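Right, one structure below, let's go through it.
The values are calculated or read from the model by the stated rules, or taken from the named source; none is laboratory data. Please read all numbers here as calculations on a predicted model, not as lab measurements. Neighbour counts run over all protein chains shown; Cβ positions are idealised from the backbone, glycine included. The protein model used for the area step is the full one, side chains on, heavy atoms only, and it has no ligands, DNA or RNA in it. Shrake-Rupley method; radii C 1.70, N 1.55, O 1.52, S 1.80 Å.
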Amino acid sequence: MINWPKSLVREIARRRVVLFLGAGVSATSTDSFGNRPKTWKNFLIEVCSLVHDTTDQSTIKKLIEDNQFLLALQAISEEANTADYRDILNSNFNNPNFEPSDIHEIILALDASIVITTNFDKIYERYCESTSTDGYKVVSYNDRDLGDLVRSDDRLIVKAHGSINNIGNMIFTKSQYHEAKKNYPQFYELLKAIFLTHTCVFIGCGLDDPDVLLMLEDVKITSSGDLPHYAVFLESEVNKFATRDWKKAYNIDALTYGPSYDGLKPNLEQLLEKVEEFRSTKPLS
């Protein structure tokens, strides 16, 4: 079991923590047939079939094998039929049959004022809007009033890479990353400010988003490093050399659980118990 730091429990209880959700959280959902949303790798293997040139397809498959996902998707988007490409995006990320999981319920109960997600699907926000009595605002990286909303009392779900609601504005390929950073620098400055002023907990995320890592590196340089960010990982997916590097370069402490993905739920349940106990006994000041 994860030994949750007392300081982290306190910060979550006082709603000073930002939760950062990745594809691993969406992957805990299921539909009525027991299907789950595809992992990034499996999704790329599927869309690679849209590339009909056998040589290009082989090259892209090699990129996928080498975990060069952004470049692989860039190549697929350029070579595939545009309509077919949009159809497959919509079918994978706009499926209303995927139901929220216990993980989504626990994350909502932790009651962070800001949740940032790189997921394009709408599983978590649909769940929040349908079950919570608190008002939730879903905003994207390109919303002009995002800065005002962060300073408000609203609970926010920030779609850092956009949403399936607007396929044209999804940050999905390598070139789209560069375009977004050029066209919406205010969002990345805001994200950097959040990393500087809040504790962030990454759940279901691979630490491979180049923009996020660059910002965390800048924040590490300009702060003391006494108050770390955290990332929750399956123990078999990390090693001591990677965790040392995350700590030194990005001030991220790895919190590991195991032996399988099934261990995530009881660990988050334990965290929620600690947070609720703190809230019931300590004033939220």
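Quick look at the numbers
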quantity: For segment 1-124: rounded, prolate or oblate by the Cα gyration tensor [a/c cutoff 1.5]; calculated: prolate
quantity: Average accessible area per residue (Å²) across the chain - probe 1.4 Å, nucleic acids and ligands excluded; calculated: 51 Å²
quantity: Ranked order, Trp40, Trp4 - accessible area, probe 1.4 Å, largest first; calculated: Trp40, Trp4
quantity: Fraction of accessible area attributable to carbon and sulfur, segment 113-249 (%, probe 1.4 Å); calculated: 48 percent
quantity: Segment 256-285 residues near the modelled Met1 label - backbone nitrogen below 17 Å, point 7 Å along Cα→Cβ; calculated: 256-260, 262-278
quantity: The chain - percent relative contact order, Cα under 8 Å, separation 6 or more; calculated: 24 percent
quantity: Net charge of Cβ neighbours under 13 Å - reference Glu269; Lys, Arg +1; Asp, Glu -1; calculated: -4
quantity: Proximal charge balance of Lys248 [Cβ under 11 Å; K/R count +1, D/E count -1]; calculated: +1
quantity: Shape category assigned to segment 74-216 from the gyration tensor of Cα positions, a/c cut at 1.5; calculated: oblate
quantity: FRET efficiency, Arg279 to Val238 (Cβ-Cβ, R0 25 Å, nearest 0.05); calculated: 0.25
quantity: Simple label model, 7 Å out from Cα along Cβ direction - Gln186 to Asp84, nm; calculated: 4.0 nm
quantity: Residues of type aspartates and glutamates that Lys38 reaches as a straight line, Cα spacing below 15 Å, ignoring anything fewer than 8 places off in the same chain; calculated: Glu46, Glu99, Asp121
quantity: Global form of segment 58-107, assessed from the alpha-carbon gyration tensor, a/c cut-off 1.5; calculated: oblate
quantity: Most to least packed among 11-17, 61-67 [average Cβ atoms within 10 Å]; calculated: 11-17, 61-67
quantity: Under 14 Å, Cβ to Cβ, from Ile157 - net charge with Lys/Arg +1 and Asp/Glu -1; calculated: -2
